[in-house]
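Asks: So that we are looking at the same thing, I have put the structure below in C-alpha cells.
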Amino acid sequence: MLWHPARTHPGRARGLGGLVSETLRVNPIACTGRGVCAELLPELIAMDPWGYPIVPRVELDDELVDLARKAVAACPVLALTLEKR
Ligand code: SF4
C-alpha cells in the first residue's frame, strides 16, 4: 500500500507495536530529479551523478518516518511515497 498525503490521511502505524514497517520508494518515471527530497532527508537519500535520488529500501525508524513524510509531502510530482508493510 502506498501512502502519500495528497491521497490518504496518514495513520500512525507505529502504534501497532512494530507490526507495520515503512519504506520509502521513488517512482523513477515520475521523478524529475530536482532533489528536494535529498535536501530534506540527507540522512537517507543521496543523489546520483545525474541529479536523481538514490533511495535505499530499508525499514525506517520512528525519527526517519517523520522526516520521510515531510520529504514525501514536498515532492512536487508525487514521485516519492511511503510504503507500509
Ligand atoms: S523530490 Fe520528488 S521529483 Fe524531486 S528528486 Fe525527490 S522524488 Fe524526484
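Asks: Test of understanding: what is the full-extension gain from T32 to K70, defined as 0.36 nm times their sequence separation minus their Cα-Cα distance? Working shown, then result.
Replies: On the way: separation 38, 0.36 × 38 = 13.68 nm, distance 1.79 nm.
So the extension gain works out to 11.9 nm.
Asks: Want the number for R85 to S21: 0.36 nm per residue separation, take away the alpha-carbon distance, what's left?
Replies: Numbers: separation 64, 0.36 × 64 = 23.04 nm, distance 0.53 nm.
Residue separation times 0.36 nm, minus the Cα-Cα distance, leaves 22.5 nm.
Asks: Report relative contact order for the stretch 35-81 in percent, whole number only (criteria: Cα-Cα under 8 Å, sequence separation at least 6). Walk me through the intermediate numbers first.
Replies: On the way: 40 pairs, mean separation 17.4, N = 47.
After rounding, I find 37 percent.
Just so you know, all these numbers are worked out from the coordinates, no wet-lab data involved. Note that the structure is a prediction, hence the values are computed from the model and not measured.
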